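The values are calculated or read from the model by the stated rules, or taken from the named source; none is laboratory data. All of these numbers come straight from a predicted model, not from anything done at the bench. Methodologically, a virtual Cβ is constructed for each residue, glycine included, from the backbone with ideal geometry; neighbour enumeration extends over all protein chains shown. The accessibility values were calculated without ligands, DNA or RNA, using every heavy atom of the protein model including side chains. Shrake-Rupley method; radii C 1.70, N 1.55, O 1.52, S 1.80 Å.
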Amino acid sequence: MQDLPTSPLRTRFQAYSVLICLAGMALLLFYVLRFAGGHFVYTLDDPYIHLSLAENLLRGQYGVNIGEVASPSSSIIYPFLLAITLALGLGEFGPMVLNLIGAVGATWILTGVLWDALHKDSTGQVSAFAYVAAPVLLFALNGYALAFTGMEHSRHIFVSLCIVVGLLRVSRTSPPGIALLIAIVAAPLLRFEGFALAGAALVALALMGHWTRAITTGVIIVALVAGYMALMTSLGLPLMPSSVMVKSGPAAAMATSHFTSIFGEVWQSLRESLQDRQGIVMAIAVALLLAGAVLNKSDPNARTVALVAAAASVAHLLVGRWNWFGRYEVYIVATALAALLIVWRPWLSAAARRMTAPILIILLAPVVGSTYIYVTYLTPTAAQNVYEQQYQMHRFATEYFPESVAVNDLGWVTFQNESYVLDLWGLGSETARKTFSTQGRTPDAISQLTDGAGVTYAMVYERAFAGLPADWCRMAQLRTTQVTSSYDTVEFFLIDPAKSAAMRAALDAFAPTVPGAATLEIFDCPKQ
């Protein structure tokens with residue numbers, strides 16, 4: 001395939017798509033502010049974990065508590081990018097600014113690929129239906145709502161698409177450009193899932209004869225990841241982030257050298273993938289990519305792109321995770337979709353199909369991406385959920401009762417909080433992760449951790465534990481909506497009986513300020 005067309009009509013189509021994306025995000029922002037009482041709040045609590053880590057990076061500390069190292073981030077580079085935004089004074093808006101860049105870049109590239117697949121070579125134009133297909137396609141890829149999660153996924157999609165289109169420009173006589181090589185390096189640094197796509201792309205470059213650039217780029221990736229792992233080792237942390245090890249069985253098995261269990265974990269992961277709706281969609285996409293690679297004999301670059309995307313898709317089926325508010329797998333869905341548009345372009349852009357193809361996309365995209373359309377619909381109420389629950393916990397911990405606290409939902413409570421926060425889920429506390437991995441989340445293990453850390457009180461989901469220490473006293477219960485939070489109820493427990501009066505006074509002052517539909521019920525703590 002020759003270089004992608006850069007006609008004014010194509011550029012206009014891409015600009016139109018970007019404006020549609022920004023308009024959709026602006027509309028969502030209006031409703032997020034409306035549902036969250038005028039506050040800008042992300043739809044997940046997770047970005048505030050990264051913000052807390054970034055906050056401490058600026059202080060020379062890797063962790064969410066000063067004096068205690070931890071690796072709660074799911075990304076190697078994301079906390080460092082957020083540290084830059086914090087240094088620039090963007091505060092909690094930093095993730096959104098970065099996500100806007102990722103969303104605009106991804107939309108520009110994807111709709112350029114869409115134009116190439118649908119336009120007629122003789123006129124350089126597309127059917128009017130293509131202008132409807134573009135915004136529908138963005139809906140089906142969580143293109144409007146993903147940025148509001150505050151996580152690194154928008155930029156991961158962007159660099160993944162950069163890899164896809166970058167491979168199209170490579171041939172034996174045309175070496176890979178610097179943009180492609182940067183994207184290959186960035187993919188695994190943004191998300192560990194990016195290793196599969198980056199690795200497949202490097203193999204493709206080597207097979208096309210560009211061994212030197214492929215090896216050099218691979219060495220850079222290895223060096224950067226090795227540097228990260230060396231830092232983790234020097235701090236006494238595992239090679240992979242605690243968040244990855246807690247959530248991924250295969251990753252935990254590899255990181256802890258339990259190699260005999262890796263096959264079982266991968267097999268279990270594949271079974272779960274094929275039981276998930278989007279996992280089934282991905283399996284079908286792999287079959288279509290392979291079929292396109294076999295049938296498209298006229299365009300070797302398109303075949304290469306299809307095979308690279310198929311390899312990365314299979315890797316995600318084997319060890320990847322799915323859903324969780326439409327974010328874990330969306331990068332590979334976007335990658336596979338772009339590759340399908342490329343490898344099936346001869347049939348999609350045929351004159352007889354010039355109108356049929358965009359109509360087919362309009363009809364199929366909502367079916368394939370119904371999960372993400374529903375996520376878009378839920379985005380305002382998800383932000384409301386975080387505002388009513390995690391943000392209120394943050395307010396209580398910083399404004400009303402600034403004492404050491406134990407939680408099992410780490411983000412907002414630890415961000416912009418100078419008091420010690422013990423994470424009873426293990427993401428932000430390596431000691432807790434190790435303790436629970438050997439003893440389980442038992443009352444004795446919990447007491448051991450809270451007593452050792454000198455924790456005054458806890459704000460936890462009681463239902464997340466099989467049991468809590470018997471000497472903890474339930475002081476209050478916060479009831480909220482439940483969209484992205486694990487539960488709709490947070491229990492406030494007093495651990496240090498000497499602080500009973502102080503905590504009761506703090507709760508009495510806090511209760512009238514609880515917003516919206518949230519309610520705080522206060523209980524009498526029996527005398528010890």
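Some points to look at:
- Segment 306-396: C-alpha gyration tensor shape, a/c 1.5 cut-off, then a/b vs b/c: oblate
- Tensor-based shape of the chain (alpha-carbon gyration tensor, a/c under 1.5 rounded, otherwise prolate or oblate): prolate
- DSSP-defined beta bridges in the chain - what % are antiparallel, rounded to 5: 75
- In the complete set of protein chains, residue-level accessible area for Phe129 is approximately 80 Å², probe 1.4 angstrom.
- Sites listed here are trypsin sites (Lys or Arg not before Pro) in segment 166-250 whose DSSP assignment is loop and whose Cβ has at most 13 other Cβ atoms within 10 Å: Arg172.
- Per-peptide packing, taken as the mean over residues of other Cβ atoms within 10 Å, places 393-405, 140-152 in the sequence 140-152, 393-405 from highest down.
- Rounded if a/c under 1.5, otherwise prolate or oblate - segment 1-112, Cα gyration tensor axes: oblate
- Residue-normalised accessible area of the chain, expressed per residue, 1.4 Å probe, Å²: 40
- Peptides 438-449, 338-349, 17-28, ordered by how many other C-beta atoms sit within 10 Å of their residues on average, highest first, read 338-349, 17-28, 438-449.
- The mean of 1/r over all pairs of different alpha-carbon atoms in segment 454-528, once inverted, gives a Kirkwood hydrodynamic radius of 13.1 Å.
- For the chain, relative contact order (Cα pairs under 8 Å, six or more residues apart, normalised by length) works out to 19 percent.
- In whole angstrom, segment 56-198 maps to an equivalent ellipsoid with semi-axes of 34, 19, 11, each derived as √(5λ) from the alpha carbon gyration tensor and ordered largest first.
- A simple charge model with +1 on the Cβ of Lys and Arg, -1 on the Cβ of Asp and Glu and nothing else charged puts the dipole of segment 298-443 at about 820 debye relative to its Cα centre.
- Value of Rg to Rh for segment 374-481 (Rh from inverse mean 1/r over Cα pairs, i.e. Kirkwood): 0.99
- Isolated Cys residues of the chain, judged by Cβ distance under 4.7 Å to other cysteines: Cys21, Cys162
- Segment 35-181, relative contact order [Cα under 8 Å, separation at least 6], %: 24
- Radius ratio Rg over Rh of segment 40-92, counting only Cα atoms, Kirkwood formula for Rh: 0.94
- Residue-wise HN-Hα coupling along segment 392-403, computed from phi with Karplus coefficients 6.51, -1.76, 1.60 (Hz; x: Gly, Pro): 5, 4, 4, 4, 5, 6, 10, 9, 10, 9, x, 10
- When each of the peptides 324-332, 428-436 is scored by how many other beta carbons lie within 10 Å of its residues on average, the order from highest to lowest is 324-332, 428-436.
- Orientation-averaged projected area, Cα convex hull of segment 259-371 (nm²): 7.9
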